């Protein structure tokens, strides 16, 4: 036990163990052909710096004995491990059990809970939307409801994340909610049994006849298959598909394999992305298979400063292969790959192991993807139309003889509110017009 030995002796024994382990690993790494590890006589700087290790033991002991509040040896050692990764780069990190669990949950898109999208309002938890076919939707929870109590505990003033943690839980467990609803005089009480909630990061819709929209909010395990399914669904609509907008704005990234699958779906072969690192396992090249699910239908990709990592892989690949026009603002510029290394006890290390490059060899790191057409977010306001007289308003005007002519459709309200999406749609229409002109 630690209390039976001096802290200095304990840490020195760990250091000796690390030294022996490194010596043993040296041979294995050399056999793998790692260039950085020389088989020649070790240079002084390659050995463990004993002076700094002695300094570490001194600092450790001073904190343990003199810090204003008692800190356990376990906490100090765990903080030391976290510190090893903290100063490397913004993306390497030590993951405790809670952090590692959240990372796995984010990647899988699954969690135990009720199926609610929530936000904070007036110190309470507001229901933005219940997710279809989830316990919350089946119980009758409605958008706009305000949660005031969770299992008898008031939520007023509670941090949003803490409230979300209370709503989540293992499948099969029950939770009691007290809800305020507009037009209801008294609070409504719900008892709901939690279930496994599967979130989809991909959704789609038709903006105008022939023009589809696919939103990818992050790259999860199932995002590749979800994306292909959404494209196939868009192609089954009554009007033949003329163009697709892929919206990657404010998508922070996620899993690299998912970004490769999504790029592969609309590319007809070629490199999607390649990575370079120090270890042989960090050097990879990802190729697209032959066959484009959209068969050459024009694509516009929307990006902005919140598009990072895997989002930039997709945008960069489609841009380099001239498969899509990239519209919006310059992306975030996260061009590094993190490998999650489980430690076997519910904890893990997230370590930056490589840089990635677009098919044409562009590094995204700290640079990002520059759009083909820069469109800054802006507010669009319609001018009030004058009540002008047109030919159709004149008494006795000649009737239209072309039964196939179409009247000019008004753009949907959300297109007016989102000028980048509005411009992307116009670009798609331009592609369609050019293809018709060339076909003549």
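The values are calculated or read from the model by the stated rules, or taken from the named source; none is laboratory data. Because the structure is a prediction, the values reported are computed rather than measured. All Cβ positions, glycine included, derive from the backbone under ideal geometry; neighbour counts span all protein chains shown.
Condition first: in a loop (DSSP other than H, G, I, E, B) and modelled with pLDDT of 75 or more. Now tell me which residues in segment 390-440 satisfy that. Steps first, answer last, please.
Residues of segment 390-440 that are in a loop (DSSP other than H, G, I, E, B), as a first pass: 390, 394-412, 418, 440.
Correct list: 390, 394, 395, 396, 398, 399, 418.
Taken over segment 78-116, residues that are more than 19 Å from residue 342 (Cβ to Cβ), assigned to a helix (DSSP H, G or I) and over 22 Å from the mean Cα position of the chain (by Cα) amount to 3.
Let's see how each residue does on (1) more than 30 Å from residue 419 (Cβ to Cβ); (2) assigned by TED's automatic domain parsing to the domain that holds residue 362; (3) in contact with a strand residue (DSSP E or B) (Cβ under 8 Å, 6 or more places away or on another chain):
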position	(1), (2), (3)
261	yes, yes, no
282	yes, yes, yes
293	no, yes, no
299	no, yes, yes
305	no, yes, no
311	no, yes, yes
314	no, yes, yes
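Residue 190 falls short on exactly one of the conditions (1) touching a residue at least 60 places away in the same chain (Cβ under 8 Å); (2) in contact with a helix residue (DSSP H, G or I) (Cβ under 7 Å, 6 or more places away or on another chain), and that condition is (1). Residues in segment 374-389 that are in contact with a helix residue (DSSP H, G or I) (Cβ under 7 Å, 6 or more places away or on another chain) and at pLDDT 95 or above: 375 only. In this structure, is residue 220 under 25 Å from the mean Cα position of the chain (by Cα), within 27 Å of residue 247 (Cα to Cα) and surrounded by 18 or more Cβ atoms within 10 Å (Cβ to Cβ)? Considered against the rule, which asks whether it is under 25 Å from the mean Cα position of the chain (by Cα), within 27 Å of residue 247 (Cα to Cα) and surrounded by 18 or more Cβ atoms within 10 Å (Cβ to Cβ), residue 220 comes out as yes. Assessment of segment 231-242 against the conditions (more than 30 Å from residue 156 (Cα to Cα), assigned to a strand (DSSP E or B), touching a strand residue (DSSP E or B) at 6+ places or on another chain (Cβ under 9 Å) and modelled with pLDDT under 95) yields no matching residue.
Residues 86, 95, 103, 53: which one is more than 30 Å from residue 308 (Cβ to Cβ) and either surrounded by 13 or more Cβ atoms within 10 Å (Cβ to Cβ) or not assigned by TED's automatic domain parsing to the domain that holds residue 366 (or both)? Steps first, answer last, please.
Details: 86 fails: more than 30 Å from residue 308 (Cβ to Cβ); 95 fails: more than 30 Å from residue 308 (Cβ to Cβ); 103 fails: more than 30 Å from residue 308 (Cβ to Cβ).
Going through 86, 95, 103, 53 in turn, the sole match is 53.
Within segment 140-159, can one find any residue that is assigned to a helix (DSSP H, G or I), at pLDDT 90 or above and at negative phi? Scanning segment 140-159, I find no residue that is assigned to a helix (DSSP H, G or I), at pLDDT 90 or above and at negative phi, so the answer is no. If the condition is being at pLDDT 95 or above and not in a helix (DSSP H, G or I), then segment 255-277 contributes 267, 268, 269, 270, 271, 272, 273, 274, 275, 276, 277.
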